[in-house]
Amino acid sequence: MMPTVRRPLFDGMRELRGIWFDPELIGESQARSRILHHWRPGSRLYQVLKGYFLEFPEKKYLHCAGLDGLAIAEINGILSSAPLHEDELAAISGNSFCLVAGAQILTARLTQSDRIDPSAWLDLSAISLRKPLKFPTAGGTSGIDEPAPGKDIRDILGDAIPQASDKQKAFLDETAALIEGGKLPDDAAQKKSWSQRAGPVALGALGLMASWLSNLIDFRRPAKEHAWGNSGAPEKLSPLAQKLANFAAKIANMTRMSKLLGERQARFLREMMEMFERGDLNEALRHAVPLDSLQKKNTRQAFGTPRRRDNLNISNSSGLGSSIHVASDVQEHLRQLYRRTFERLDREGKIDEAVFVLAELLKSGTEAVNYLESKDRIKQAAELADTLELSPEIRVRLWWLAGDFLRAAKLARLFNSFAEAVHLLEKKHAAEGRELRKHWAHAVATRGDLADAAEILWPLEEEREQALSWLSQAERAGGILGVRALTRKLSLQVSDLKQSEASIRHILNMAGEPGAQLRARLAQELLTLKQRSPASTRLAAEVLRHVLTERSAGLNQLQKQDITRLIEFADAAVMRTDLPALNLPHDVYLAPFNARSTPLEMLFEERGLMRIHDACRLPDAHYLLALGESGVSIVNQVGKQLAHYPVPAHHLVLSDNGQRALVLAKRDNTMRISRIDLASRSVADWLTLPVSFWSRRYDGIHWNVVMHNRLLAIDTSVDKLQVVWQIADLPGQIFAYSESAQAQTLLIGAHDGIEQWRYLLPSRRLNQRDSWALPDSDVWRILPVENADEPARLYLKSNETSNAVLLAKSSMVASFEVNTGAAAQAPEVHLEEGMIFVASSNDGMTIWEIRQLAQGKTLLKLALPSADHPGVHVQRDYIMLFDRAGRLVEINRSNGLVRAMTVS
């Protein structure tokens with residue numbers, strides 16, 4: 001039993017280690033306020049003996065009677081609130097924390113789990129941190145970091161492939177001139193010799209001979225009969241029979257090729273195959289035709305003779321091009337010929353030539369890369385995988401094994417292929433897989449997905465401190481990110497949530513509709529957990545009390561089965577017994593916005609003071625607003641400002657997770673771009689770029705823009721302009737651009753028409769390249785349509801009384817017109833997400849009209865009196881309409897609900 005303490009408090013001036021605060025005596029809010037008042041860099045805070053102990057970074061001499069808490073000093077290695085005597089200390093173990101209460105000693109030990117981060121108590125939502133733009137140094141470079149150009153096969157294999165002779169080059173030049181334009185010149189066609197004209201006749205005769213030989217010569221003995229039929233393999237031919245059979249097959253193939261291709265192409269293929277058969281591989285490889293050019297069925301017929309190569313460059317088979325249509329048996333003959341050549345080169349140890357046959361002729365890119373890897377040529381395998389544009393996870397794995405970690409990480413970030421690459425590496429290279437997993441986690445954290453980053457890093461035990469740090473940072477950010485961080489802690493079996501107490505109380509005590517929605521989201525996240533723990537069960541019980549009441553009041557849309565599952569998850573036996581049958585109010589079915597049977601008509605007369613140039617909806621149902629030179633603001637659903645960022649803003653680009661944003665301000669022919677971290681409330685100027693088109697969304701790292709007539713993907717996480725992917729050397733000027741989550745679409749004005757190019761995302765592979773003749777002069781605008789094979793053509797139609805925008809019928813676009821009244825100015829028109837948005841002004845009244853492109857059905861008519869520069873921003877589930885009269889209208893595309901507000 002502890003002895004009775006004779007002196008329960010310190011007095012006078014003392015060297016103190018810290019102060020203990022009693023929240024039961026002075027209240028939680030007052031205790032936190034006093035702790036923050038005494039806090040200095042290096043301090044540590046513990047929750048111990050039902051109070052808070054603030055440990056100073058170093059000892060201080062203070063007057064004990066003047067403190068607003070209990071003085072704690074160190075006595076023989078024991079932290080105590082009283083000057084204990086030797087007999088009193090004897091009953092206490094070393095390194096203990098002691099409080100004296102009621103003349104009795106209470107003891108505890110300070111552990112890491114008792115530590116508390118008081119930064120979670122601070123509300124910094126209205127404070128933004130700004131890093132100023134650095135002035136460029138005199139004579140400095142532009143700072144553009146572009147991706148290295150891809151290597152061809154000669155760069156990869158070095159001097160293994162000999163250079164073509166001058167005679168060979170002259171032959172190529174003559175042949176190129178002869179077939180230029182896709183057909184023989186008239187004089188060349190008229191000057192054919194008799195032998196050339198007789199060629200097809202001779203081949204026809206040989207074809208008859210081949211047919212006769214194939215029927216006459218059969219030296220194979222019958223196969224053995226089996227109970228299931230005659231399925232045995234034929235016996236081997238005699239040498240003479242084999243030669244005759246090969247001769248017959250060769251003549252038959254040449255005859256078919258002559259009929260299908262024409263004499264010149266057939267002769268070329270015949271000579272090329274003869275080179276292989278006589279072993280002249282050096283020349284044969286230079287004449288060989290890639291097999292995939294003989295296999296494509298939907299491309300146009302090649303008109304010219306296949307030409308001899310200057311070098312053995314490997315071409316990428318993913319592009320669009322012409323092909324030579326050859327019968328399947330001829331294709332199979334070529335395939336076998338190339339395969340035998342590869343096997344021969346492999347036996348002879350000619351690895352480079354063997355790789356060429358696999359990659360270029362057989363078009364077996366993955367096999368060629370695996371072949372190089374089996375020969376321990378890892379770097380060459382990685383370079384070849386890049387040239388052939390194999391799947392990103394293969395390329396990432398190879399570059400990582402080759403030791404080029406930067407290249408591997410860039411590819412994984414660009415194509416979002418970390419998960420697959422880590423899985424491939426961890427199969428056989430565990431150490432390398434662990435390192436790539438670290439890069440994966442840090443890339444995800446850079447994107448703003450801190451909870452996901454922690455979950456990725458958690459399997460590495462030595463990195464769990466970093467994972468917990470990310471989760472704590474996400475909790476401090478609050479909102480949806482904080483909710484996800486809490487549930488990630490539970491899914492990772494972090495059973496002690498003491499440090500998250502402040503965040504949990506904030507969620508449970510948040511008032512109004514935002515609080516109800518956040519608690520409903522927490523309930524849904526809890527239901528995704530695969531295992532229960534005491535911490536998750538207790539949290540579910542606390543959340544259940546709130547969401548059940550709020551569901552009855554219609555403040556959330558949780559279903560009955562969700563409530564039932566939450567009761568079971570919370571193990572609320574008493575509540576389950578006492579709770580009456582759940583008779584929740586039925587949800588009123590709300591049709592999606594696009595499914596409206598009748599148009600929604602609105603008049604919004606109220607005006608605000610803020611000039612809204614652009615608007616985005618944030619995950620927490622707040623709004624990010626671009627206010628021109630007045631900066632960027634975050635407002636809630638009633639227009640109250642929650643945060644402000646002092647950077648000029650005319651356009652917004654929001655990341656997919658809503659944690660990052662790019663802010664664009666027009667400056668002459670360029671855009672000044674700033675970066676905002678919405679989680680940490682920080683902002684920094686970035687770059688000034690001459691972008692002409694840009695995507696209105698990005699993944700938090702890579703942003704797609706059109707600049708200098710090039711389509712670029714740039715890395716927004718670095719301080720300079722770093723291009724990680726680009727398409728250049730286009731056949732004309734880019735005059736329109738659109739992007740969805742699935743594809744990027746370019747419209748290009750060529751010299752003889754327009755072209756539409758489409759690249760799939762995230763693979764960034766060319767999916768479409770089509771061209772059309774120049775449109776007639778009456779066309780007003782040509783705009784790309786998502787997922788459509790051709791662009792939309794818009795006309796301005798007018799008469800004495802009214803005007804209209806007319807859409808011509810095309811792929812996925814119906815023919816209809818939108819009446820714009822007697823507007824003197826051209827209307828504002830946007831095509832996005834299968835809808836057309838038209839804003840027209842007449843006599844001080846601006847009308848927004850939204851229609852479906854596929855049927856022309858009207859969805860909305862919104863009247864805005866005295867509107868100024870109306871704008872629209874379409875996000876995944878929401879449509880934001882705004883103007884510079886401070887009006888903001890949000891349309892929920894999933895249920896058709898509309899929210900209107902003003903910002904002052």
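Keeping every protein chain present and rolling a 1.4 Å probe, give me the accessible area per residue for region 395-476 in Å². Before the final figure, lay out the partial values.
Details: 3660 Å² over 82 residues.
Here the residues of region 395-476 average 45 Å² of exposed surface.
Summing Lys and Arg as +1 and Asp and Glu as -1 over all other residues whose Cβ lies under 14 Å from the Cβ of Arg617 gives a net charge of 0.
Mean sequence separation of contacting Cα pairs (under 8 Å, at least six apart), scaled by the length of region 600-902, corresponds to a relative contact order of 13 percent. Pairs from the table (Lys379/Lys720; Lys375/Lys428; Lys50/Lys498; Lys151/Lys428) lying more than 24 angstrom apart at Cα are Lys379/Lys720; Lys151/Lys428. Its Cα centre serving as origin, region 600-902 has a Cβ charge dipole (Lys and Arg +1, Asp and Glu -1) of approximately 600 debye.
Computed from backbone phi, the HN-Hα couplings of region 21-32 come to 10, 9, x, 5, 8, 9, x, 4, 5, 5, 4, 5 Hz, rounded to whole numbers (Karplus: 6.51 cos²θ - 1.76 cosθ + 1.60, θ = phi - 60°; Gly and Pro given as x). Spin-label pair Ala822-Asp376: with each label point 7 Å from Cα along the Cα-Cβ axis, the two points sit 8.7 nm from one another.
So which chymotrypsin sites (Phe, Trp or Tyr not before Pro) in region 29-88 end up in coil per DSSP with only 16 or fewer other C-beta atoms within 10 Å? Before the final figure, lay out each step's value.
Values: sites: Trp39, Tyr46, Tyr52, Phe53, Tyr61; in loops: Trp39.
When the chymotrypsin sites (Phe, Trp or Tyr not before Pro) of region 29-88 are filtered for loop state and at most 16 Cβ neighbours within 10 Å, Trp39 remain.
Holding the Cα-Cα limit at 19 Å, pick out from Lys427/Lys489; Lys809/Lys857; Lys350/Lys427 the pairs that are longer than that. Beyond 19 Å: Lys427/Lys489; Lys350/Lys427. Annotation note: GluC sites (Glu not before Pro) in region 754-805 located in DSSP loop regions with a Cβ neighbour count of at most 15 within 10 Å are Glu800. When Thr4, Thr564 are compared by accessible area of protein heavy atoms, the largest-first order is Thr4, Thr564, using a 1.4 Å probe.
Annotation: per residue accessible area for region 600-902 equals 40 Å², rounded to a whole number [probe 1.4 Å, protein chains only]. Label sites at Gln112 and Gln531, each approximated as a point 7 angstrom past Cα along Cα to Cβ, lie 2.0 nm apart.
Counting pairwise Cα distances across region 395-476, what percent come out greater than 17 angstrom? Please list the in-between numbers first.
Values: 1407 of 3321 pairs.
Roughly 42 percent, rounded to a whole number.
Can you check what the net charge comes to around Leu508, using other residues whose Cβ is under 15 Å from the Cβ of Leu508 (Lys, Arg +1; Asp, Glu -1)?
Working: positive: Arg505, Arg519, Arg521, Arg538, Arg545; negative: Glu28, Glu475, Glu501, Glu525, Glu542, Glu550.
Charge balance near Leu508 sits at -1.
In region 13-121, Cα pairs under 8 Å separated by at least six residues give a relative contact order of 29 percent.
The values are calculated or read from the model by the stated rules, or taken from the named source; none is laboratory data. Here the structure is a predicted model, which is why all the values come from computation and not from measurement. So basically every Cβ, Gly included, is an ideal-geometry build from the backbone, and we count neighbours across all protein chains shown. Accessible surface is based on the protein model in full, side chains and every heavy atom, while ligands, DNA and RNA are left aside. Shrake-Rupley method; radii C 1.70, N 1.55, O 1.52, S 1.80 Å.
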